[in-house]
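A.B. asks: Shown below is the structure under consideration.
The values are calculated or read from the model by the stated rules, or taken from the named source; none is laboratory data. Quantities reported herein were computed from a predicted structural model and do not represent experimental measurements. So basically every Cβ, Gly included, is an ideal-geometry build from the backbone, and we count neighbours across all protein chains shown. Remember, those area values only see protein heavy atoms, side chains included, never the ligands or the DNA or RNA. Shrake-Rupley method; radii C 1.70, N 1.55, O 1.52, S 1.80 Å.
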Amino acid sequence: MHNIFELPELPLAQELVTTLMLGKNVRIERIVSTGQVSDWYNQPDTEYVILLQGEATLEYPSGKTVKMQAGDTLLLLPKEEHRVIYTSTEPCCIWLCIFFTALVG
């Protein structure tokens with residue numbers, strides 16, 4: 001059993017990524033952010049994101065931004081370029097990210 005809200009000592013120098021489950025076509029991660037931002041992502045898999053705690057802002061190459069707060073979800077399609085430009089520190093961000101490969105047929 002694992003409590004998703006059980007955290008290490010904060011703040012963190014880098015995001016903490018914990019793989020909760022790994023299968024052939026799916027990976028589930030808990031990510032803890034304490035003010036970190038990211039470079040551009042261009043992932044091969046679909047990603048379903050749930051922000052369980054905190055606030056965050058994602059940006060797309062067009063300049064469009066998406067502000068997220070606790071409870072918000074977002075579906076990122078394969079190769080949908082994006083980056084994280086803000087994550088809160090108080091409270092920290094706790095993300096639940098589900099990466100999967102769409103099955104065809």
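A.B. asks: Given the criteria in a strand (DSSP E or B), under 24 Å from N3 (Cα atoms), open to solvent by 70 Å² or more (accessible area, probe 1.4 Å) and not aliphatic (A, V, I, L, M), does Y86 qualify?
C.D. replies: no
A.B. asks: When you scan segment 28-38, do you find a residue that is farther than 16 Å from V84 by Cβ, in contact with a strand residue (DSSP E or B) (Cβ under 8 Å, 6 or more places away or on another chain) and touching a residue at least 12 places away in the same chain (Cβ under 8 Å), even just one?
C.D. replies: yes
A.B. asks: Filter segment 82-105 for residues that are in contact (Cβ under 8 Å) with a residue 40 or more places away in the chain, within 22 Å of V26 (Cβ to Cβ) and not hydrophobic (A, V, I, L, M, F, W, C) and give the result.
C.D. replies: H82, T101
A.B. asks: While we're looking at this one, here's another question. Residues that are of a type in the set (D, E), more than 16 Å from E90 (Cα to Cα) and open to solvent by less than 40 Å² (accessible area, probe 1.4 Å): list the strands (runs of 3 or more DSSP E) wholly contained in segment 1-79 that include at least 1 such residues.
C.D. replies: Where strands (runs of 3 or more DSSP E) fall fully within segment 1-79 and carry at least 1 residues being of a type in the set (D, E), more than 16 Å from E90 (Cα to Cα) and open to solvent by less than 40 Å² (accessible area, probe 1.4 Å), they are 26-33, 46-53, 55-59.
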